[in-house]
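Colleague: Dropping a structure here in structure tokens format, bear with me for questions.
The values are calculated or read from the model by the stated rules, or taken from the named source; none is laboratory data. Values in this document were obtained by computation on a predicted structure and should not be read as measured data. Cβ placement follows ideal geometry from the backbone for every residue including glycine, while neighbour counts extend to all protein chains displayed. Quick note on the areas: whole protein, heavy atoms, side chains included, nothing else; ligands and nucleic acids left out. Shrake-Rupley method; radii C 1.70, N 1.55, O 1.52, S 1.80 Å.
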Amino acid sequence: NRGTRFSTRGNGGYCIHPAEISHYTRLLDELKSRGKKVSFIVHLWNITPEEKQFSGMEWADICQDCGYYSLVYLAQAIGNLGIQYEVTITVLSSNMQGVPGSPLLFPEKATLLGPVQIIPREYPNIKCCSVDISIPKPGSRVERQLLSSLMAELTSDASETMVAYRGSQRLVKTFES
């Protein structure tokens, strides 16, 4: 969970501050001391309501802390702790990708794509993927379908690094010569 200081929760969870690099190292150290091997991380701090809760530069700073910097700090903590085994980081976001027929609500989040693409080059044992969604109505058929698609996405060995789900469509960023 996101918090203002490092803390443990009664349910075995932790709170860390996204912009505090030492929290990532401490979190991974604590998990290691409990015998936990962190090999799969689902990063959810970029799933936000469609209406901005902050404005202007404050919102942009939050997007950087919860996206770009949190991913950089997480990768640095993995590297600094000498973790050699394969780690997969899947970054979920909402309404970040521009997709035809859908509004581009949060372009401020797009800087997280930099670390998603660069981390695997700097740390060969880390694989990263960005999955962008549009949040459906709670309890709807579209929500159930999205949850099913996300479960399949998280458990697949797909090699795409940028994916977006809009309704029932799975869109993959590709490049043509």
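Colleague: What part of the accessible area of region 62-177, given as a whole %, is carbon or sulfur when the probe is 1.4 angstrom?
Modeller: About 53 percent, which is the carbon plus sulfur part of the accessible surface.
Colleague: Hey, rough spin-label estimate for His17 and Thr4, points 7 angstrom out along Cα→Cβ, what's it come to in nanometres?
Modeller: 0.9
Colleague: As a test of reading the structure, rank Ile47, Ile16 by solvent-accessible area (1.4 Å probe, protein chains only), most first.
Modeller: Accessible-area ranking of Ile47, Ile16, largest first: Ile47, Ile16.
Colleague: Considering only protein heavy atoms, what per residue accessible area in square angstrom results for region 1-133 with a 1.4 angstrom probe?
Modeller: 53
Colleague: Then there is this: Viscosity 0.890 mPa s, temperature 25 °C: what is the translational diffusion coefficient of region 1-153 from Stokes-Einstein with a Kirkwood Rh over Cα pairs, rounded to a whole number of µm²/s?
Modeller: 148
Colleague: Let me ask you something else. If you take every residue apart from Gly98 with its C-beta less than 12 Å away from the C-beta of Gly98, what net charge results, scoring Lys and Arg +1 and Asp and Glu -1?
Modeller: Numbers: positive: Lys109, Arg166, Lys173; negative: Asp132.
Its environment carries a net charge of +2.
Colleague: While we're looking at this one, here's another question. Consider a paramagnetic label point 7 Å from the Cα of Asn80 along Cα→Cβ; state which residues of region 108-135 have an amide N under 20 Å from it.
Modeller: Counting only backbone N, you get 115-116, 118-127.
Colleague: Under 8 Å for C-alpha pairs, at least 6 residues apart: give me the relative contact order for region 1-115, rounded to a whole percent.
Modeller: Relative contact order comes out at 28 percent.
Colleague: Sticking with this one: Please sort through the DSSP H helices of the chain and keep those with an alpha-carbon extent of at least 18 Å along the long axis and a Kyte-Doolittle average not below -1.0. The partial results should precede the final answer.
Modeller: Values: long enough: 21-33 (19 Å, -0.48); 141-155 (22 Å, 0.09).
Membrane-span-like by this criterion, though nothing is claimed about a membrane: 21-33, 141-155.
Colleague: If we count every other residue with Cβ under 13 angstrom of Phe6's Cβ, Lys/Arg +1 and Asp/Glu -1, where does the sum land? Display every interim value, and only then the final one.
Modeller: Numbers: positive: Arg2, Arg5, Arg9, Arg26; negative: Glu20, Asp29, Glu30.
Charge balance in the 13 Å sphere: +1.
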